[in-house]
1. Using per-residue counts of other Cβ atoms within 10 Å, averaged over each peptide, order 78-86, 221-229 from highest down.
2. What is the extension gain from Glu235 to Lys193, computed as 0.36 nm multiplied by their sequence separation minus the C-alpha to C-alpha distance, in nm to one decimal?
3. For segment 21-75, what is the convex hull (Cα atoms) projected area averaged across all directions, in square nanometres?
4. How high is the FRET efficiency between Lys228 and Gln309 when r is their beta carbon distance and R₀ equals 22 Å, given to the nearest 0.05?
5. What order do Tyr135, Tyr124, Tyr33 take when sorted by accessible area (1.4 Å probe), most exposed first?
6. Can you pull the percent of segment 185-245's accessible area that's carbon plus sulfur, 1.4 Å probe, other chains left in place?
7. Can you tell me which of 208-215, 287-294 comes out highest on packing, and rank the rest after it, using the mean Cβ neighbours within 10 Å?
8. For a paramagnetic label modelled at 7 Å from the Cα of Lys147 toward its Cβ, which residues of segment 206-222 fall within the zone defined by backbone nitrogen distances under 15 Å?
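The values are calculated or read from the model by the stated rules, or taken from the named source; none is laboratory data. All of these numbers come straight from a predicted model, not from anything done at the bench. In this analysis, Cβ positions are derived from the backbone assuming ideal geometry, glycine residues included, and neighbour counts consider all displayed protein chains. Ligands, DNA and RNA are excluded from the accessible area calculation, which covers all protein heavy atoms including side chains. Shrake-Rupley method; radii C 1.70, N 1.55, O 1.52, S 1.80 Å.
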Amino acid sequence: MFRRRFLSSFVALGLLPASLASAYIPDNWEAEYEWDPEKSTSGPVLIVVDLDDQQALVFRNGVEIGKTPVSTGKPGHRTPTGIFQILNKDADHHSSTYNNASMPFSERLTWSGIALHAGGLPGYPSSHGCVHLPYSFAKKLFEVTHKGTTVVITQKGHPPHQGTEPAAALLGLEEKAIEDGELDELDDSVMWKPELSRLGSVTMFISGKHEKVEIFRGGVLIGSAPLKLNDPSIELPTAVMLMLEDKVESAPEKDGKKTASSAVLVNPEPPATHWATLSTSGKKDASNLAAKIKANLVMPLGFAQRIHQLAGPGMLVVTTPEEMTVDTRIDEDFHVVSAGKPKAPDASKQ
């Protein structure tokens, strides 16, 4: 590490190209990991960080493509748990807080400074709150993520359940909810302004405490509506549901080779029915989570119809019993960060 700081000082004086200094990688910035992107070549990416086991899992379209050891926050600098979306990316980031420390392939999760990035891996939690990854793994991960990619940090992580449960129908998103192209009218309790953000990933936040659903596109609030809990005594679970691309199956082979007519066959099931569902409570089985949530929620049909029109691969549904503040979607115990910049420009701090 001394050598890295020594080289960085020459960069600061303009005596050494940054590319040459960054070529030096400390020994403890590498570790054995698994990386198999060919297992799933397209679709939304989901990253799950397991604090107890000090590892991260990477899924693309519900299929695990990567697994790596990590180092997370040490005592006094804990890594927050919750559901995040990547806010910005910087391949050559340097900290403005910790002596210009190099944080290659940084992917910011909070505006206060929590990020995924290459860093030291001593085999135990040692960071100031960030999630340290092996250098070469961080580089590979950087290439498959984007602003808005979902990152779940939990004490005990499990692979998401992949299936066709009615997660899309969670709030009435079934195709049958729209008849003859007619949409139900919205009353004064509903806000719907999709023109505020026409591009970007769609995220639905559902708060049991507020009995409210909010829709963001590209990190901008474009809609909100009240919810009714059929049984308020049943706490809304903390869960993540990510809409996947339609599955594809390999074309039949003849004499060990794929047929020339097509490379893949599209699964004949209806579109937008595949979801990855994950509980952040440490429960491994999330197979019936969506159905349980749906059974306890009622929302305005007209609002559900409009959400259905926005739904597509990459759409994220987040449920929580906690409240979510308008500006940052963060409180002390549960963190959900949208991809919008904060009002105060403090994004340079790390």
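1. By packing density, highest mean first, the sequence is 78-86, 221-229.
2. Net length gain for the segment: 12.1 nm.
3. Across all orientations, segment 21-75 yields a mean hull projection of 5.5 nm².
4. 0.45
5. Most to least solvent-accessible, the answer reads Tyr124, Tyr33, Tyr135.
6. The computed percentage sits at 49.
7. 208-215, 287-294
8. 217-221
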